[in-house]
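One structure is given below, encoded as structure tokens.
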Amino acid sequence: MKREIITIAEEKCDGCGLCIPGCPEGALQVIDGKARLVSDLLCDGLGACVGECPLGAITIEEREAEPYDERKVMALLVHQGANTVKAHLAHLKDHGQEEFYAQAVAFLKERGLPLPTDGPGAHGDHAGHGGCPGSRSMSFAREDQAADSLAGQRPSMLAQWPVQMHLLSPMAPHFAGSDFLLAADCVAFALGDFHKDYLKGKTLGIACPKLDEGQEVYLDKLRALVEKAEIATLTVMIMQVPCCRGLLSMALQAVTRSGRKVPVKCFVVGLQGQILQEERV
């Protein structure tokens, strides 16, 4: 059958193994110094491991692959202990995989095994690698804002069009010598003053390192922006979720491969719109 499944660019992978804890199904192993997908059967294609790779070597593609088998995954995970099973169930919940979740629970019940309860590594606890926080549903309580803070119409600071990375032409005149901002798709929606404080005076490209296809084109375009358009600075803005880390990795690869030095600054944006980290890289 044809389905979504991860793929690993061997030439990018350095075998660091950081992706392995991000795969609750145990589909990844480091073999001969490279991360490998050990079995199509174990990969659900949801991409919890994608953002864990600092080199952007892991992406999702659609290809012919054996169907993901939840019962076979559970048969392997129960031998690894309750915490591993708990993390896997949380992963399924975080991604809305109700059918797979029901199969996993049925597997445990058929064998008289207890259903793991909430606790460390349970639903939503990414520190225990319990699923992808970028897909977890949550609500934010907002305090009333002062009336004058929202009054009036704020002008757009967008300096060019288009902005999606697939559509950008690096040699367009507006990019020449500009300060370029590479932002994850969600940043502008989370950050209330994105236009005023971060977009003003910059050209813009947006992308999603988890969901966008054909991201090798992004690397080529970023390299062209540095090398040929000779952008003056490169600012990368990503969300705090692990999936976003691939965007920064891509930007750094482009600068390294270009052979031209350009200042790179990174901002990490919290889910409620706060700047969690700001650093030159």
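The values are calculated or read from the model by the stated rules, or taken from the named source; none is laboratory data. Just so it is clear, the structure is predicted and the values come from calculations on it, not from any experiment. Neighbour counts run over all protein chains shown; Cβ positions are idealised from the backbone, glycine included.
ASP94 fails exactly one of the following numbered conditions: (1) at pLDDT 85 or above; (2) surrounded by 20 or more Cβ atoms within 10 Å (Cβ to Cβ). What is the number of that condition?
Unmet for ASP94, out of (1) at pLDDT 85 or above; (2) surrounded by 20 or more Cβ atoms within 10 Å (Cβ to Cβ): (1).
Considering only segment 168-211, state which residues are more than 21 Å from the chain's Cα centre (by Cα) and among the β-branched types (Val, Ile, Thr).
THR203
May I ask you to say which residue of LEU37, LEU92 is outside the structural domain of ALA254 (by TED's automatic domain parsing) and out of contact with any strand residue (DSSP E or B) (no Cβ under 8 Å at 6 or more places or on another chain)?
Only one candidate qualifies: LEU92.
Determine whether ASP40 is out of contact with any Ser or Thr (no Cβ under 8 Å at 6 or more places or on another chain) and farther than 27 Å from GLU99 by Cβ.
It is false that ASP40 is out of contact with any Ser or Thr (no Cβ under 8 Å at 6 or more places or on another chain) and farther than 27 Å from GLU99 by Cβ.
Can you name the condition, by its number, that ALA127 falls short on among (1) of a type outside the set (Ser, Thr, Tyr); (2) at pLDDT 60 or above; (3) assigned by TED's automatic domain parsing to the domain that holds ALA27; (4) surrounded by fewer than 10 Cβ atoms within 10 Å (Cβ to Cβ)?
Result: ALA127 fails condition (2) only.
Counting just the residues of segment 13-33 that are surrounded by fewer than 16 Cβ atoms within 10 Å (Cβ to Cβ) and farther than 27 Å from ALA90 by Cα, which one comes out modelled with the highest pLDDT?
ASP14
Being hydroxyl-bearing (Ser, Thr, Tyr) and part of a loop (DSSP other than H, G, I, E, B) is the filter; apply it to segment 169-210 and report the residue that is nearest to GLY270 (Cα to Cα).
Step by step, filter segment 169-210, then rank; the result is SER178.
Tell me the residue from GLU278, GLU216 that is among the acidic types (Asp, Glu) and modelled with pLDDT of 90 or more, please.
It is GLU278.
Pick out the one residue from VAL255, VAL241, VAL268 that is over 18 Å from the mean Cα position of the chain (by Cα), buried (at least 19 other Cβ atoms within 10 Å of the Cβ) and in the same structural domain as PHE194 (by TED's automatic domain parsing).
VAL255
Is one or more of the residues making up segment 18-25 farther than 18 Å from ALA106 by Cβ and of a type in the set (Asp, Glu)?
Taking every residue of segment 18-25 in turn, none turns out to be farther than 18 Å from ALA106 by Cβ and of a type in the set (Asp, Glu).
Return a yes/no flag: does segment 157-165 have any residue that is at pLDDT 75 or above, under 26 Å from the mean Cα position of the chain (by Cα) and not in a loop (DSSP other than H, G, I, E, B).
yes
So, VAL226, is that one surrounded by 22 or more Cβ atoms within 10 Å (Cβ to Cβ), of a type in the set (Val, Ile, Thr), in a helix (DSSP H, G or I) and at pLDDT 90 or above or not?
Yes, satisfied.
Of all the residues that make up segment 229-263, how many are closer than 18 Å to HIS174 by Cα and part of a strand (DSSP E or B)?
Residues in segment 229-263 being closer than 18 Å to HIS174 by Cα and part of a strand (DSSP E or B): 3 in total.
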